Amino acid sequence: MNLITGNESPSEMLAIAYAMEEGLRSFYQRMEASVADQEAAEAFRRLAAMDTQHKEMIFDLYKKNQGEAETAEDLEKEVLPKIMEGGMTTEEL
């Protein structure tokens, strides 16, 4: 999956970054639910929480760069399917 062509605007790049953070957050939440070890589950919960914070920071930058979405929810509807770093979708894992 080629996510980046080099012709993206700053807002488009931030939308891609937002989608990647959402993909990772979703992945960590699934992992938290799938492990029996409580320490591992807590680690995944914390990682998911960090990605939620990253999404908030990216959305703030997106808005400062004149992104079209008015709310984070609007941006989530517009962005690519849940993707992760490396271009894999969360469903591919």
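The values are calculated or read from the model by the stated rules, or taken from the named source; none is laboratory data. Everything quoted here is computed from the prediction, not taken from an experiment. Glycine gets a Cβ as well: all are built from the backbone with ideal geometry, and neighbour counts include every protein chain shown. Only protein heavy atoms, including side chains, enter the accessible area calculation; ligands, DNA and RNA are left aside. Shrake-Rupley method; radii C 1.70, N 1.55, O 1.52, S 1.80 Å.
A few points about this structure:
- All positions within segment 26-58 that are under 18 Å from Asp74 (Cβ atoms), touching a residue at least 24 places away in the same chain (Cβ under 8 Å) and open to solvent by 30 Å² or more (accessible area, probe 1.4 Å): Thr52
- Residue check, Lys64 in contact with a Ser or Thr (Cβ under 9 Å, 6 or more places away or on another chain), of a type in the set (Lys, Arg) and modelled with pLDDT under 90: no
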